[in-house]
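The next block holds one structure in the form of structure tokens; read it before the comments.
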4 protein chains.
Amino acid sequence: MNETMVTVVGNVATTPVYRELPSGPVARFRLAVTSRYFDAVKNTWNDGHTNFFTVWANRSLGKNVQGSLSVGEPVIVQGRLKVRDEERGGQHWTSADIDAQAIGHDLSRGTAAFRRVLKGDASLTDPASLRETEPVG
Amino acid sequence: MNETMVTVVGNVATTPVYRELPSGPVARFRLAVTSRYFDAVKNTWNDGHTNFFTVWANRSLGKNVQGSLSVGEPVIVQGRLKVRDEERGGQHWTSADIDAQAIGHDLSRGTAAFRRVLKGDASLTDPASLRETEPVG
Amino acid sequence: MNETMVTVVGNVATTPVYRELPSGPVARFRLAVTSRYFDAVKNTWNDGHTNFFTVWANRSLGKNVQGSLSVGEPVIVQGRLKVRDEERGGQHWTSADIDAQAIGHDLSRGTAAFRRVLKGDASLTDPASLRETEPVG
Amino acid sequence: MNETMVTVVGNVATTPVYRELPSGPVARFRLAVTSRYFDAVKNTWNDGHTNFFTVWANRSLGKNVQGSLSVGEPVIVQGRLKVRDEERGGQHWTSADIDAQAIGHDLSRGTAAFRRVLKGDASLTDPASLRETEPVG
């Protein structure tokens, strides 16, 4: 209750980092979300402010992110926003994280070939192998 | 202003229908969105209510939907909700449409290989050709 | 999971109907949500499509809706969208309902004086009494 | 396009600060949004993570926020999320701002008496006067 749900459309800004933790698989990457506005005078679309988020993907979503996303690809991400304040090395940091529930390539920018992953699929023991079965495109 | 924006995660329920209209390319398909809730007593997830939407995708998004989506695939869709009332053949109809801004395969359910489509790409003159380059998966 | 959450900004279109059901208090009203778009040529805002929803408010939210909302007032509503199909009297009906989690007067259109209702507040045994303590405005 | 829209339900954490700028009236306040989750074992709701946002309200929304909101009141806020990175005094700062489009008292926690403000209303020349017409509650 009172979760801050967000849906953002942007570009993968860093290569996803994948870890097998005791709590399960997790992948994370930085996402750049640039708003665009229409300039009626010049009749063109211009870039506005860019929001950066750290996106976290757990369990099967984490594994499939690792097997599917590359830097620069356009994605749509839905999840819970967490704004965190921390003190590290005498510096104050705030980060904006998204705990993702769903992530997909944005089809307004290209095509995608989907391959359903069944639970208990043996190929999942080595997530790196997932990419090998996909076309270079 | 005052647009009803929604983001839904569900499954493609009908094969996308593609048309080249004078106003540009458009694809549409039915989407089934089934909510799931956790039964703490039985310790299981159960299916709840299913919402059905007609999703409309225009221009490059329409072309790429045609080249990427099949019945049964899990997707995340963001767009404007339009609830329409109509009278047809003496019957009253209400439909719930989503005018999509972004659509992607849900990576929590599988992997996806993305191929960016450049504007002016010759292969786009025949959208059907897009699917031929994809694995059967 | 996979709930269709929406947030809409519109106007109360019907007087809220309040019921004390065995499952608890519930209020419902119709909400009109008219999108507006900017016409750059004429330099004016124009009305677009209007979505109509039936908003349902349960428990304390239902009681306070009954004590606070009147026809024509501007509100912001957050909740779960439910699109329902029914057969009644040989006719096919679809309705778009919102099961509200939060409702508030839209302060972009006016001011509001808030009065917190404590749980167990005696005045709540008669919801109609709530309105008497409020200014006519 | 690609705006990061959010809707949050939380509590006003600081008294709104109001300014008449050359670009128009603006009010800002801090908002605390605490997620809550259900503990099925203990059968209770518990507090989770708290997100803090700086909410900005412009023009008539800013004036009415100034005339309506007090610290501790529960509100629903819809707007554009802006995550900003800054360097100030050798320190790195990130802030999470919401550029609000609609704000309302959350009626799940109490009742509200609404008073529509007409454009050109003389009472708006002195926003402080708005509060005087409201009950102490």
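The values are calculated or read from the model by the stated rules, or taken from the named source; none is laboratory data. Since this is a predicted model, take the numbers as computed values, not measurements. Cβ sites come from the backbone with ideal geometry, for glycine too, and all protein chains shown count toward neighbours. Ligands, DNA and RNA are excluded from the accessible area calculation, which covers all protein heavy atoms including side chains. Shrake-Rupley method; radii C 1.70, N 1.55, O 1.52, S 1.80 Å.
Computed values, structure above
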{"quantity": "From phi via Karplus (6.51, -1.76, 1.60), per-residue ³J(HN,Hα) for the stretch C:68-76 in Hz, x at Gly/Pro", "calculated": "10, 9, 10, 4, x, 6, x, 9, 10"}
{"quantity": "For the stretch A:39-48, 3J(HN,Hα) per residue [Karplus equation, 6.51 cos²θ - 1.76 cosθ + 1.60, θ = phi - 60°, Hz, x = Gly/Pro]", "calculated": "8, 5, 6, 8, 6, 9, 8, 10, 6, x"}
{"quantity": "For residues of C:58-69, the mean tally of beta carbons on other chains within 10 Å", "calculated": "4"}
{"quantity": "Net charge dipole size for the protein assembly as shown [Lys, Arg +1 and Asp, Glu -1 on Cβ; Debye, nearest 20]", "calculated": "0 debye"}
{"quantity": "Interface D:C - total buried accessible surface [probe 1.4 Å, Å², rounded to 100]", "calculated": "3300 Å²"}
{"quantity": "Rounded to 5, the percent of DSSP beta bridges in the protein assembly as shown classed as antiparallel", "calculated": "95 percent"}
{"quantity": "Cα Rg, Dmax, the stretch B:5-124, angstrom units", "calculated": "16.5, 57"}
{"quantity": "Listed pairs A:82/D:82; A:119/B:63; B:42/D:42 exceeding 22 Å between Cα atoms", "calculated": "A:119/B:63"}
{"quantity": "Nearest-0.05 FRET efficiency for residue D:50 and residue A:36, computed from C-beta distance (R0 51 Å)", "calculated": "0.95"}
{"quantity": "Cβ nearest the rotation axis (D onto C), residue from chain D and distance to the nearest whole Å", "calculated": "D:104, 1"}
{"quantity": "Label 7 Å beyond Cα on the Cβ vector: residue C:116 copy-to-copy distances, nm", "calculated": "3.1, 5.1, 5.3"}
{"quantity": "Highest average packing first - D:105-111, A:52-58, Cβ atoms within 10 Å", "calculated": "D:105-111, A:52-58"}
{"quantity": "Kirkwood hydrodynamic radius over Cα pairs of the protein assembly as shown, then Stokes diffusion coefficient at 37 °C and 0.692 mPa s, in µm²/s", "calculated": "131 µm²/s"}
{"quantity": "Percent accessible area from carbon and sulfur atoms, the protein assembly as shown, protein chains only, probe 1.4 Å", "calculated": "51 percent"}
{"quantity": "For the stretch B:12-23, 3J(HN,Hα) per residue [Karplus equation, 6.51 cos²θ - 1.76 cosθ + 1.60, θ = phi - 60°, Hz, x = Gly/Pro]", "calculated": "5, 9, 9, 4, x, 9, 10, 9, 9, 9, x, 7"}
{"quantity": "Average other protein chain Cβ within 10 Å of Cβ, residues D:4-16", "calculated": "5"}
{"quantity": "Segments B:72-78, C:45-51 sorted - mean Cβ within 10 Å per residue, highest first", "calculated": "B:72-78, C:45-51"}
{"quantity": "Å² per residue, accessible surface of the protein assembly as shown at 1.4 Å", "calculated": "48 Å²"}
{"quantity": "Residue among B:112, B:96, B:13 with the largest mean-square fluctuation in a Gaussian network model of chain B, springs linking Cα atoms under 10 Å", "calculated": "B:112"}
{"quantity": "Amide H within-cut-off set for residue A:48, under 5 Å, with H built and near neighbours excluded", "calculated": "A:35, A:36, A:37"}
{"quantity": "Number of partner chain Cβ atoms within 10 Å, mean per residue of A:32-39", "calculated": "3"}
{"quantity": "MRE, 222 nm, helices only [DSSP H, n ≥ 4, -39500 (n - 2.57), over chain D, to nearest 500]", "calculated": "-3000 deg cm²/dmol"}
{"quantity": "Selected from B:26, B:71, B:41 as most flexible by GNM, with chain B as the system and alpha-carbon contacts under 10 Å", "calculated": "B:41"}
{"quantity": "Residue C:106 long-range amide H proximity, modeled H, under 5 Å", "calculated": "C:75, C:76"}
{"quantity": "Most fluctuating residue given options A:42, A:82, A:63, as computed from a GNM of chain A linking Cα atoms under 10 Å", "calculated": "A:42"}
